[in-house]
Amino acid sequence: MAPETHAAITGAELYHKLSVLGQYDYDRAACDRYASIIAEIERLKAQRRAVVLAHNYQRPEIFEVADFIGDSLELARKAKEVRDAEIIVFCGVHFMAETAKVFNPDRKVLLPDLKAGCSLADSVTAEALAQRKAELKQIYPDLKVISYVNCTADVKALSDACCTSANAAKVVNAIDSGHILFVPDQNLANYVQTQTGKQIISWDGNCYVHHQITAAEVEKVKRGLPGVKVLAHPECRSDVLGIADAVLSTSAMVRYAQESGATEFLIVTECGLSDRLLLEIPGKHFYKACKLCRYMKMITLEGTLDSLRHLRYEIELSEDVREGARQALERMLELSA
Ligand code: 13P
Ligand code: SF4
């Protein structure tokens, strides 16, 4: 992907577009303000030869300046395909921006707010993983470490392969070992265990957004909306996944909703995804779990403008960590091809 110029949107057009979300904070004055920031971001993107990659959980006004919107797997692939651009502005969380840097050592990769972390990534350190891996290797000499991409680059560098929510079972089944140490998400590990005959040894991390969603809440909505299709992210607890119609990555939810004959969906993941669905799929109804990821929401349109203006905040990785993480990410792409 290469830098592209987008036609400017007016405040009135943005107001009309975002009105489907039914959120009172997108009033006419806010949309006028966003439209002028969007125009300035587009001007700076062209001037600085920058591309903007955005995760599905980002704010709807950020979607307007994104050159690509997707899930972790798609964003990793897009980051690998960047051509001509000198700068990548990553509207997402820190580990995702690190992945963009892994594939773009000679480009500036900017994250508008360095505090945009992830509770899963915080739950495993490279030191703790190295220790656990050494202990388990004594018991299972064929042990392989698979890290869910929601972890830091130095954790990835200690892994045999990475995976995302879109390809976790495929990677586990394809790797040449019957014993897998799966880090850091216990819920995704439990889900993968249902999809494989291999022995999964899980870390005890979780996503604070998905882990708080209970099966009782989901059941209650299902009872009130007979026929609703429940789409759940695999970071949810296993009893929630057990009552879902489909367990999918964020972008796979978009495709499922587009292709399904159903018209009503309960989206059991972070709320930003429901905004994308409402904007892109008119005529269908999306009920959301009302859970926000405070890290994803630290990225704002104003912060993105400042990031491009002041070229901040730059992601830096040491060469050995970058190379180790690159190998684990490349292995993921091979195994899930
Ligand atoms: P996806 O890769 O499915 O978009 O998930 C990323 C994430 O952080 C979910 O919480
Ligand atoms: Fe991390 Fe959860 Fe936020 Fe995704 S939703 S970025 S897993 S804290």
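Restrict the check to the stretch 187-197 and report whether at least one residue is in contact with a Cys (Cβ under 7 Å, 6 or more places away or on another chain) and surrounded by 24 or more Cβ atoms within 10 Å (Cβ to Cβ).
Checking the stretch 187-197: not a single residue is in contact with a Cys (Cβ under 7 Å, 6 or more places away or on another chain) and surrounded by 24 or more Cβ atoms within 10 Å (Cβ to Cβ).
If you check Ala39, Ala35, Ala50, Ala30, which single one turns out to be under 21 Å from Val109 (Cα atoms) and among the small types (Gly, Ala, Ser)?
Selected residue: Ala50, the only one of Ala39, Ala35, Ala50, Ala30 that is under 21 Å from Val109 (Cα atoms) and among the small types (Gly, Ala, Ser).
Within the stretch 67-83, identify whether any single residue is more than 18 Å from the chain's Cα centre (by Cα), farther than 20 Å from Ser274 by Cα, away from ligand 1 (no atom under 13 Å from the Cβ) and surrounded by fewer than 18 Cβ atoms within 10 Å (Cβ to Cβ), and answer yes or no.
yes
Here are the criteria: (1) surrounded by 14 or more Cβ atoms within 10 Å (Cβ to Cβ); (2) of a type outside the set (Val, Ile, Thr); (3) not in a loop (DSSP other than H, G, I, E, B). Tell me which single one Asp320 does not satisfy.
(1)
Which of (1) under 29 Å from Glu61 (Cα atoms); (2) touching a Phe, Trp or Tyr at 6+ places or on another chain (Cβ under 6 Å); (3) at pLDDT 95 or above; (4) within 14 Å of ligand 1 (Cβ to nearest atom) does Gly272 not meet, given it meets every other one?
(3)
I need the full set of residues from the stretch 262-310 which are of a type in the set (Lys, Arg), under 18 Å from the mean Cα position of the chain (by Cα) and under 18 Å from Leu21 (Cα atoms), in order please.
Hits for the stretch 262-310 are Arg276, Lys288, Lys291, Lys297.
Run Val209 past the list (1) closer than 30 Å to Arg132 by Cβ; (2) surrounded by fewer than 23 Cβ atoms within 10 Å (Cβ to Cβ) and report the number of the one that doesn't hold.
(2)
In this structure, is Val155 among the aliphatic types (A, V, I, L, M), out of contact with any Lys or Arg (no Cβ under 7 Å at 6 or more places or on another chain), at pLDDT 95 or above and farther than 17 Å from His210 by Cα?
On the way: among the aliphatic types (A, V, I, L, M): yes; out of contact with any Lys or Arg (no Cβ under 7 Å at 6 or more places or on another chain): yes; at pLDDT 95 or above: yes; farther than 17 Å from His210 by Cα: yes.
Yes; evaluated as a whole, the condition is true for this residue.
Any idea which of (1) surrounded by 19 or more Cβ atoms within 10 Å (Cβ to Cβ); (2) under 19 Å from Phe68 (Cβ atoms); (3) modelled with pLDDT of 95 or more is the one Tyr313 doesn't satisfy?
The number of the failed condition is (2).
Please find, among Gly205, Gly227, Gly242, the residue that is modelled with pLDDT under 95 and either touching a Ser or Thr at 6+ places or on another chain (Cβ under 7 Å) or under 27 Å from Ser260 (Cα atoms) (or both).
Details: Gly205 fails: modelled with pLDDT under 95; Gly242 fails: modelled with pLDDT under 95.
Being modelled with pLDDT under 95 and either touching a Ser or Thr at 6+ places or on another chain (Cβ under 7 Å) or under 27 Å from Ser260 (Cα atoms) (or both) holds for just one of Gly205, Gly227, Gly242, which is Gly227.
So in the stretch 286-299, with the set limited to residues that are modelled with pLDDT under 95 and in contact with a strand residue (DSSP E or B) (Cβ under 8 Å, 6 or more places away or on another chain), which one is surrounded by the most Cβ atoms within 10 Å (Cβ to Cβ)?
Ala289
The values are calculated or read from the model by the stated rules, or taken from the named source; none is laboratory data. Bear in mind that the values here come from a model prediction, so they are computed numbers and not experimental data. Reconstructed Cβ throughout: ideal geometry from the backbone, glycine too, with neighbour counts over all protein chains shown.
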